[in-house]
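Peer 1: Structure below; questions to follow.
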Amino acid sequence: MLTLHGFPYSNYHNIVKHVLLQKGIPFEEHIVYPQTPEMLAVNPMGKAPSMTTESGTHLSESSVLVDYLEDAYPDKPLYPADADARAQVRQLMKISELYIELPARRLLPTLLAKVPADDKTVSEVRGVLTNGINSLNALASFSPYVLGSELTAADIYLRYVISVAQQVASAILQWDLRTEIPGLSDWSELMAGTDIAKKIDADKDANAKEFMAYISGLKKS
Ligand SMILES: N[C@@H](CCC(=O)N[C@@H](CS)C(=O)NCC(=O)O)C(=O)O
């Protein structure tokens with residue numbers, strides 16, 4: 001059986017978990033934290049998530065895992081058949097990772113561990129995030145899914161990458177992304193209302209205490 005390595009508080013872990021559940025692929029969830037010997041054994045970057053396929057191959061990088069699952073388990077497709085439309089799904093995933101999640105992630109230590117943020121970092125994050133939001137607004141239709149009438153991998157990817165950006169933006173940048181991104185509010189509700197999303201969110205909440213203990217262990221070491 002497939003094994004997903006990581007932890008339920010991780011947004012990147014939850015992208016892959018959501019895809020596995022959406023496609024109905026049986027898997028085992030192996031709870032393991034970043035940069036531990038166990039995680040480094042399955043992902044050379046030591047980051048969550050990683051996945052061990054049914055043939056025993058270890059793979060990492062959430063977008064690679066999503067692509068792998070689509071290739072290896074083509075039932076219940078999460079990408080359109082048309083090559084251009086498939087590339088548009090990947091484009092939205094890439095833009096939301098590079099220009100929305102990653103800049104916001106730079107301020108996660110401030111959000112989670114109260115590490116003070118310097119003005120230069122805050123200004124750089126705001127600048128990249130502005131470009132990311134403008135690009136998302138140019139590409140997304142939210143009608144009702146991010147790229148049209150069908151749920152795609154882009155919806156699942158965006159749900160978890162935007163969550164970090166929303167938390168960082170509202171807590172540190174005094175910025176409400178729901179007002180910056182027309183359609184985001186209704187789409188977020190639609191995405192949150194499924195049984196799969198509810199399970200993932202409940203698992204995340206249940207993991208919060210253990211994850212915070214892991215974070216405070218890092219601060220001490
Ligand atoms: N590009 C990676 C990012 C994964 C990532 O940053 N995971 C976080 C958890 S949400 C992590 O492991 N952080 C700890 C670290 O970077 O050492 C992916 O798409 O899987």
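Peer 1: Among rounded, prolate and oblate, which fits the chain when a ≥ b ≥ c are the square roots of the eigenvalues of its C-alpha gyration tensor, a/c under 1.5 means rounded, and a/b larger than b/c means prolate? Spell out each step's value before the answer.
Peer 2: On the way: a/c = 1.68, a/b = 1.03, b/c = 1.64.
Cα axes put the chain in the oblate bin.
Peer 1: Restricting to DSSP H runs of at least four residues, report the calculated mean residue ellipticity at 222 nm for the chain, -39500 (n - 2.57) per run over all residues, nearest 500 deg cm²/dmol.
Peer 2: Numbers: 11 runs with 132 residues, N = 221.
One gets -18500 deg cm²/dmol as the mean residue ellipticity at 222 nm.
Peer 1: Pairs of Cα atoms under 8 Å, at least six residues apart: use those to get the relative contact order of the chain, whole percent.
Peer 2: 22
Peer 1: Expressed as a rounded percentage, what relative contact order does the range 2-77 have, with Cα pairs under 8 Å and six or more residues apart?
Peer 2: Relative contact order for the range 2-77 comes out at 34 percent.
Peer 1: Continuing with the same structure: Sorted by average packing, counted as other Cβ atoms within 10 angstrom per residue and highest first, what order do 146-158, 128-140, 89-101 take?
Peer 2: On the way: 146-158: 22.2, 128-140: 17.5, 89-101: 20.1.
Top to bottom by mean Cβ count within 10 Å: 146-158, 89-101, 128-140.
Peer 1: Using each residue's phi in the range 48-61, evaluate 6.51 cos²θ - 1.76 cosθ + 1.60 at θ = phi - 60° and report the 3J(HN,Hα) Karplus result to the nearest Hz, with x for Gly and Pro.
Peer 2: Karplus-based 3J(HN,Hα) across the range 48-61 equals 9, x, 9, 9, 10, 6, 5, 8, x, 7, 8, 10, 9, 6 Hz.
Peer 1: Given the C-alpha centroids of the range 181-221 and the range 22-68, what is the distance between them in whole angstrom?
Peer 2: 19
Peer 1: May I pose another question? With charges only on Cβ, +1 for K and R and -1 for D and E, what is the dipole size of the range 63-176 about its Cα centre, in debye, rounded to 20?
Peer 2: Values: 10 positive and 14 negative charges, 84 e Å.
Roughly 400 debye for the range 63-176.
Peer 1: Filter Lys17/Lys76; Lys47/Lys114; Lys17/Lys198; Lys17/Lys47; Lys94/Lys199 down to the pairs with a C-alpha to C-alpha distance above 19 Å, please. List each step's numbers first, then the result.
Peer 2: On the way: Lys17/Lys76 15 Å; Lys47/Lys114 22 Å; Lys17/Lys198 12 Å; Lys17/Lys47 15 Å; Lys94/Lys199 26 Å.
Beyond 19 Å: Lys47/Lys114; Lys94/Lys199.
Peer 1: Based on alpha-carbon centroids, what's the gap between the range 76-109 and the range 137-156 in Å, whole number please?
Peer 2: Each part reduced to its Cα centre gives a spacing of 11 Å.
Readers should treat all values here as calculations from the given coordinates under stated rules, not as data from a laboratory. This is a predicted model, so every value here is computed, not measured. Methodologically, a virtual Cβ is constructed for each residue, glycine included, from the backbone with ideal geometry; neighbour enumeration extends over all protein chains shown.
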